[in-house]
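The values are calculated or read from the model by the stated rules, or taken from the named source; none is laboratory data. Remember, predicted model here, so these are calculated numbers, not experimental data. Neighbour counts run over all protein chains shown; Cβ positions are idealised from the backbone, glycine included. Ligands, DNA and RNA are stripped out before the accessible areas are found, and what is left, the full protein with its side chains, is counted by its heavy atoms. Shrake-Rupley method; radii C 1.70, N 1.55, O 1.52, S 1.80 Å.
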Amino acid sequence: MTSPLTPSVWDNAAADALYGISKWGAGYFAISDKGNLCVTPDVSKPHMQIDFASVIEDIQSQHIQFPVVVRFHDVLRAQVVQLNQAFNHCIQEADYNGAYRGVYPVKVNQMREVVEEIVDAGKDYHYGLEAGSKAELLTVLAYNTTADALTILNGYKDDEFVQLAFLAQKIGRKVLIVVEKFSELKSIVRIAKELGEQPMIGLRAKMSVKGRGKWEGSGGDRAKFGLTIAEIINAGKYLAQENMGDCLKLLHFHIGSQLTDIRAVKDAINEGALIYAELRHLGFNLEYVDIGGGLGIDYDGTKSTNDSSRNYSIDEYVADVVYGMKEVCDLEKVPHPTLVSESGRAITAHHSCVITEIMGEIRPDSAQVDLTVGADEHVLLTNMRELASSLESATNLQEVFNDASQYKEQANSAFKLRVIGLTELAQVETLYWQIMQQLQQRYTGAEFVPEEIQALAFDLSSQYLCNFSIFQSAADTWAIDQILPVVPLTRLNEVPTVNCSLVDITCDSDGKIDQFAVGREISNVLPMHPLRDNEKYHLGLFLTGAYQDVMGDMHNLFGRLNEVHIFSYDDDPQDFYIEEVVQGSSVENVLSVMQYNPHSMAIDVKRLIDKRVAQGQMNPREGVRWTDFYEDCLRGYTYLKTE
Ligand SMILES: *Cc1c(COP(=O)(O)O)cnc(C)c1O
């Protein structure tokens, strides 16, 4: 049986279309001849393909437990290069007189290895870092080592934050302190005078343009951050009064993340450019315009204004920024500013994914009971039996559906009233699901399918139980219905015949994924392959490198995942090697975060075991085994063990 979502001809192209791989994959992901998903980390070297089956093998041979985060460092580097080159090319082509000095906002993924790789890949482009909190500033201060690269400081600031900014300046960083609210300006001026330093100050504008999508609240009058136009004018005046007018160097705006519609980008550039030009006319020699983040990712592969998509490419985005800024500046006869952008999502989303193992299948109709007719069975059961046997010749299927549903409800009530027993109820349920199965088959290919029967497809679909936690690894699928691509990593040359949604191992019914991009549609099930005995089935959850990697929580005490960091390597037969393994949280780690003392817990448990041994209720060998076992589990991984 093929799934209604699966095309009739099955080949790699069909698999690619079904899972949207080349649509969301940005050229990095494809299906190999063997039917496995693979990564081409360097798009200019298409012969270098890293096969996920080999990655999984390597992970297993090193006894690293699933779920695992896999980072492709080459992909991260490639994204940094792509964004910088896009700006540089466009600046040349447009005869734009300013440069591009991008910064990576570390909040999007603060992992040290990620930040280090981005800084290294961006060296030749003077690519810098952005921090939005004291902890991030302390990091950026130590890691933004490229001379000439900018350090941009956003977020609300106390005096300590401002003092740290001056420390960064004193050790040679090009620091721009962006004022989010007026009072910050006063403390910057005061501390600058105390220290006898000249800061570089930016002003964040509250924009009237709102981005569309989940983050539209970052723009508009009720935006949390930024100065109104009146406040910007006053800020300029205040700085001039304090003889610090020359310190005003940058105008900043950020209208939201994951901007889905390019029109919002154009509008924001236009509005921002006009504010910049006005400040120039007022005599402030601003050098930089920082357009914030927002460059979107096509998570659902539809290239549309869906919340999980965007209707433009990186090149189109860059062109709108560069040409938009130039046009306003030329009309206003002000110099072209150096352009700064703070793209985080677009830099990091593709480089990491989560590999999880399917632990089993959950079906509503999986258990069937013996349907032999018992002595004096209840009429409800007889009715259901007759309905099932007459189904083949039935013409009014809707009526069959209605009757079956009614008998099932009545049987439930009858059970509660002790009119029928548990065995009879189980027989009614078994018959009910048999009827539903047949109804669904009878409607396959029909032109009109009633709503209830359409819903049946979901009720009858499987749930694949995945060894991971949505709350740790894909927080946005739960919090904001973000769609993330899910793809089986092997067997892509086989027709996927099982429609299923995913459930995780948390004890939370929200721990599920039931929204998938299938072809161009959003579906609550995704076709997968039937599970086989004694064979593991691995799924990849993709585009998790931005936010998902670092925003997860420890719901049910499932902690951080094991990670493998992969580099491509042409001379290797598999084209890659695992450069680093980062251990995920142990049970001990997560318990300590919650204020437990695992060491004393182990001592307490040992004491209880020793007592049993002393009382002769457990033999000493057994006692030692149980003690060791408890301690091993404390040191172990928080997820399910499958080996
Ligand atoms: C979050 C944030 C960013 C990053 O946005 P992306 O959409 O991930 O590129 C940039 N700038 C500021 C001020 C932010 O708050």
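Applying a threshold of 9 Å to beta carbon distances and a minimum spacing of six or more residues, or different chains, the list of pairs starting in region 200-212 at a residue that is within 12 Å of Ala268 (Cα to Cα) and ending at one that is within 15 Å of the ligand (Cβ to nearest atom) and part of a strand (DSSP E or B) reads Ala205/Leu227; Ala205/Leu251; Ala205/His252; Lys206/Leu227.
Going through (1) in contact (Cβ under 8 Å) with a residue 24 or more places away in the chain; (2) open to solvent by 10 Å² or more (accessible area, probe 1.4 Å); (3) of a type in the set (Gly, Ala, Ser) one by one, Ala479 falls short only on (1).
May I ask you to list the residues in region 196-208 that are open to solvent by 20 Å² or more (accessible area, probe 1.4 Å), touching a helix residue (DSSP H, G or I) at 6+ places or on another chain (Cβ under 9 Å) and not charged (D, E, K, R)? Result: Gln198, Met200, Ser208.
The set of residues in region 1-35 that are touching an Asp or Glu at 6+ places or on another chain (Cβ under 9 Å), part of a loop (DSSP other than H, G, I, E, B) and open to solvent by 20 Å² or more (accessible area, probe 1.4 Å) comprises Leu5, Trp10, Ala26, Lys34. Using the structure shown, decide if Glu357 is buried (at least 19 other Cβ atoms within 10 Å of the Cβ), closer than 30 Å to Leu531 by Cβ and of a type in the set (Asp, Glu). Spelling it out, Glu357 is indeed buried (at least 19 other Cβ atoms within 10 Å of the Cβ), closer than 30 Å to Leu531 by Cβ and of a type in the set (Asp, Glu).
When region 285-318 is examined, which residues are found to be of a type in the set (D, E, K, R), more than 15 Å from the ligand (Cβ to nearest atom) and either out of contact with any Ser or Thr (no Cβ under 7 Å at 6 or more places or on another chain) or within 28 Å of Gln515 (Cα to Cα) (or both)? Give the steps one after another, and end with the answer.
Within region 285-318, the first condition is being of a type in the set (D, E, K, R), and the residues that meet it are 287, 290, 298, 300, 303, 307, 310, 315-316.
Still in the list and also more than 15 Å from the ligand (Cβ to nearest atom): 287, 300, 303, 315-316.
Within region 285-318, Asp300, Lys303, Asp315, Glu316 qualify.
Output the residues belonging to region 397-446 that are outside any helix (DSSP H, G or I) and among the polar types (S, T, N, Q).
Let us first name the residues in region 397-446 that are outside any helix (DSSP H, G or I), namely 417-421, 444-446.
Hit for region 397-446 is Thr444, nothing else.
Does region 364-371 include one or more residues that are closer than 30 Å to His529 by Cβ and of a type in the set (Asp, Glu)? Outline the logic, then answer.
If we filter region 364-371 for residues that are closer than 30 Å to His529 by Cβ, which is where we start, we get 364-369.
In the following step, the residues that additionally are of a type in the set (Asp, Glu) were identified as 365.
For region 364-371, residues closer than 30 Å to His529 by Cβ and of a type in the set (Asp, Glu): present.
Collect the residues in region 256-270 that are open to solvent by 10 Å² or more (accessible area, probe 1.4 Å), closer than 21 Å to Thr338 by Cα and either within 10 Å of the ligand (Cβ to nearest atom) or touching a helix residue (DSSP H, G or I) at 6+ places or on another chain (Cβ under 7 Å) (or both), keeping them in residue-number order. Answer for region 256-270, where residues must be open to solvent by 10 Å² or more (accessible area, probe 1.4 Å), closer than 21 Å to Thr338 by Cα and either within 10 Å of the ligand (Cβ to nearest atom) or touching a helix residue (DSSP H, G or I) at 6+ places or on another chain (Cβ under 7 Å) (or both): Lys266, Asn270. Check whether at least one residue in region 539-560 is in a loop (DSSP other than H, G, I, E, B), more than 19 Å from the chain's Cα centre (by Cα) and among the hydroxyl-bearing types (Ser, Thr, Tyr), and report yes or no. No: region 539-560 contains no residue that is in a loop (DSSP other than H, G, I, E, B), more than 19 Å from the chain's Cα centre (by Cα) and among the hydroxyl-bearing types (Ser, Thr, Tyr). Taking region 514-537 only, how many residues are open to solvent by 10 Å² or more (accessible area, probe 1.4 Å) and closer than 23 Å to Thr348 by Cα? Final tally of qualifying residues: 2. Across region 528-538, the qualifying residues are those that are without any contact (Cβ under 8 Å) to a residue 12 or more places away in the chain and closer than 16 Å to Val498 by Cα, and the one among them that is nearest to the chain's Cα centre (by Cα) is Arg532. Scan region 167-194 for residues that are under 16 Å from Leu239 (Cα atoms) and either out of contact with any helix residue (DSSP H, G or I) (no Cβ under 6 Å at 6 or more places or on another chain) or of a type in the set (A, V, I, L, M) (or both) and the total you get is 17. Looking only at residues that are among the aliphatic types (A, V, I, L, M) and assigned to a loop (DSSP other than H, G, I, E, B) in region 447-469, which one is least open to solvent (accessible area, probe 1.4 Å)? This residue is Leu460.
If we scan region 125-140, do we find a residue that is closer than 28 Å to Lys237 by Cα, free of Cβ contacts under 8 Å to residues at least 60 places away in the same chain, in the same structural domain as Val81 (by TED's automatic domain parsing) and surrounded by fewer than 19 Cβ atoms within 10 Å (Cβ to Cβ)? Yes, that holds for at least one residue. Taking the criterion of being within 16 Å of the ligand (Cβ to nearest atom) and under 29 Å from Ala349 (Cβ atoms), would at least one residue in region 271-281 satisfy it? Yes: region 271-281 contains one or more residues that are within 16 Å of the ligand (Cβ to nearest atom) and under 29 Å from Ala349 (Cβ atoms). If a residue must be part of a helix (DSSP H, G or I) and in contact with a Phe, Trp or Tyr (Cβ under 8 Å, 6 or more places away or on another chain), how many such residues does region 241-270 contain? Final tally of qualifying residues: 4. Val587: touching a Gly at 6+ places or on another chain (Cβ under 9 Å), open to solvent by 80 Å² or more (accessible area, probe 1.4 Å) and either closer than 25 Å to Cys353 by Cα or in contact (Cβ under 8 Å) with a residue 24 or more places away in the chain (or both), yes or no? No; evaluated as a whole, the condition is false for this residue.
For region 593-643, name all the residues that are among the acidic types (Asp, Glu), open to solvent by 60 Å² or more (accessible area, probe 1.4 Å) and within 44 Å of the chain's Cα centre (by Cα). Working first, answer last.
Going through region 593-643, the residues among the acidic types (Asp, Glu) turn out to be 604, 610, 622, 628, 631-632, 643.
Remaining after also requiring open to solvent by 60 Å² or more (accessible area, probe 1.4 Å): 604, 610, 622, 628, 632, 643.
Across region 593-643, the qualifying residues are Asp604, Asp628, Asp632, Glu643.
Within region 419-439, can you find the residues that are of a type outside the set (Val, Ile, Thr) and surrounded by 19 or more Cβ atoms within 10 Å (Cβ to Cβ)?
Taking region 419-439 as the starting set, the residues that turn out to be of a type outside the set (Val, Ile, Thr) are 421-422, 424-427, 429, 431-434, 436-439.
Scanning region 419-439 gives Glu424, Leu425, Gln427, Glu429, Leu431, Tyr432, Trp433, Met436, Leu439.
Can Glu579 be described as away from the ligand (no atom under 16 Å from the Cβ), out of contact with any helix residue (DSSP H, G or I) (no Cβ under 7 Å at 6 or more places or on another chain), open to solvent by 70 Å² or more (accessible area, probe 1.4 Å) and of a type in the set (Asp, Glu)? The answer is yes for Glu579.
For region 320-335, the count of residues that are of a type in the set (Gly, Ala, Ser) and either at pLDDT below 95 or surrounded by 22 or more Cβ atoms within 10 Å (Cβ to Cβ) (or both) is zero.
A Cβ distance below 9 Å, combined with a sequence gap of six or more or placement on separate chains, defines the contacts here; from region 618-630, residues that are within 18 Å of Met601 (Cβ to Cβ) reach residues that are open to solvent by less than 90 Å² (accessible area, probe 1.4 Å) and outside any helix (DSSP H, G or I) in the pairs Trp626/Met618.
Which of the residues spanning region 369-391 are surrounded by fewer than 17 Cβ atoms within 10 Å (Cβ to Cβ), in contact (Cβ under 8 Å) with a residue 12 or more places away in the chain and in a helix (DSSP H, G or I)? Correct list: Leu391 only.
Pairs linking a residue in region 332-345 that is away from the ligand (no atom under 16 Å from the Cβ) to a residue that is among the β-branched types (Val, Ile, Thr), with Cβ atoms under 6 Å and 6 or more positions apart or on different chains, are Pro337/Val289.
Under the condition of being open to solvent by less than 10 Å² (accessible area, probe 1.4 Å) and away from the ligand (no atom under 15 Å from the Cβ), the residues counted in region 221-243 number 4.
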